[in-house]
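Heads up: the structure comes next, in structure tokens.
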Amino acid sequence: MAISPPIIRAQGVTKRFGNFVALRDMDLELTKGECVGLLGPNGAGKSTFIGCIYGVVRRTAGTLEVFGHDPNTGARQIKQNLGVVPQENALDEELTVRENMELYARFGGLSRTTARKRIDELLTHMALEHKGDATIKMLSGGMKRRLTFVRALLADPELLILDEPTTGLDPAVRHLLWEKVHAFRHSGKTVLVTTHYMHEAEILCDRIIILDRGSVVGCGSPQALIARETPGFVGVFSTETANQLRSHLQPGWRFFLQGHQACIRTPRLEDLLDLQVTVGTTARQLRPANLEDVYLKLTGRELDDEE
């Protein structure tokens with residue numbers, strides 16, 4: 001059985017703006033049916049890499065192929081198979097939902113008959129069929145966001161790029177969009193997503209790439225990253241107990257600060273239960289280590305007790 005070539009193949013992709021290195025030696029292979037997450041602080045290089053995929057940012061070094069084409073020379077061919085949900089909705093507020101989608105379908109080269117059928121299907125898919133004649137300015141924020149998914153899927157793309165797809169949405173809309181992304185993948189399509197929501201990345205992504213200051217600092221499945229970088233359990237305490245917690249540290253334990261909270265990571269949950277009794281306090285939270293712990297550690301946002 002033939003193995004399909006990668007949807008995206010990046011090797012040593014680097015982008016410099018003058019003396020500033022926005023992206024350094026980025027490697028990535030994204031195969032058909034996968035969902036890969038790009039995580040990192042603002043300015044880490046996520047948007048730069050996405051711009052390289054579109055062809056709107058010309059890389060300084062390295063090789064990059066998307067659907068077998070170099071974005072620097074084959075952006076038009078790439079965009080024919082690409083759907084994008086950008087950070088900003090960019091919808092015409094004065095036009096109706098259907099008028100917006102018909103206009104975009106024309107830009108995408110869809111025939112009038114195909115466009116109407118596809119718009120009807122996708123509005124129903126996103127539970128927006130009752131809003132077809134409403135102007136954009138009459139929609140809620142969640143509805144506008146769902147409509148950007150409709151727009152991205154009009155041409156039935158093979159690759160969907162989601163750039164902060166659920167920022168600012170309530171949990172119900174967020175879960176609805178997660179369901180739609182899962183359905184898209186189960187149809188054999190491919191997803192690349194950037195997000196600041198670590199739980200979202202755990203839910204959606206097969207693999208995670210964590211960027212910081214333009215470089216890859218972590219790569220693997222969410223479960224593998226947690227097991228490798230932050231295994232165990234985390235207790236979250238008031239900072240008023242920080243000195244007491246530090247005085248009871250054992251080998252293999254990790255004390256760190258997150259905002260106004262003092263945290264300890266231990267190999268076993270029982271260690272944290274015993275620590276509460278020893279210190280005479282109750283943790284605000286006891287939980288397994290998660291992807292957020294990995295992110296904070298690898299990007300230097302997990303503060304040591306000396307800092």
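Quick notes
- Within region 247-258, considering residues that are open to solvent by less than 70 Å² (accessible area, probe 1.4 Å) and farther than 14 Å from residue 232 by Cα, the one modelled with the lowest pLDDT: 258
- Region 177-195 - residue that is of a type in the set (A, V, I, L, M, F, W, C) and surrounded by 18 or more Cβ atoms within 10 Å (Cβ to Cβ) and, of those, nearest to the chain's Cα centre (by Cα): 193
- Residue check: residue 48 meets all listed conditions (1) among the hydroxyl-bearing types (Ser, Thr, Tyr); (2) in contact with a Leu (Cβ under 8 Å, 6 or more places away or on another chain); (3) part of a loop (DSSP other than H, G, I, E, B) but one, namely (3).
- Test: residue in region 17-35 that is open to solvent by 20 Å² or more (accessible area, probe 1.4 Å), among the hydroxyl-bearing types (Ser, Thr, Tyr) and assigned to a loop (DSSP other than H, G, I, E, B): yes
- Qualifying residue in region 42-62 (condition: crowded, with 18+ Cβ neighbours inside 10 Å and at positive phi): yes
- So residue 165, is it in contact (Cβ under 8 Å) with a residue 12 or more places away in the chain, buried (at least 21 other Cβ atoms within 10 Å of the Cβ) and assigned to a loop (DSSP other than H, G, I, E, B): yes
- The set of residues in region 242-283 being assigned to a helix (DSSP H, G or I) and without any contact (Cβ under 8 Å) to a residue 24 or more places away in the chain consists of 243, 247, 270, 273, 274, 277.
- Given (1) part of a helix (DSSP H, G or I); (2) surrounded by fewer than 19 Cβ atoms within 10 Å (Cβ to Cβ), number of the condition residue 100 does not satisfy: (2)
- The set of residues in region 133-152 that are open to solvent by less than 20 Å² (accessible area, probe 1.4 Å), closer than 23 Å to residue 112 by Cα and of a type in the set (A, V, I, L, M) comprises 136, 147, 150, 152.
The values are calculated or read from the model by the stated rules, or taken from the named source; none is laboratory data. This one's a predicted model, so the numbers in the text were calculated from it and none came from an experiment. Glycine gets a Cβ as well: all are built from the backbone with ideal geometry, and neighbour counts include every protein chain shown. Calculation scope for accessible area: heavy atoms of the full protein, side chains included, ligands and nucleic acids excluded. Shrake-Rupley method; radii C 1.70, N 1.55, O 1.52, S 1.80 Å.
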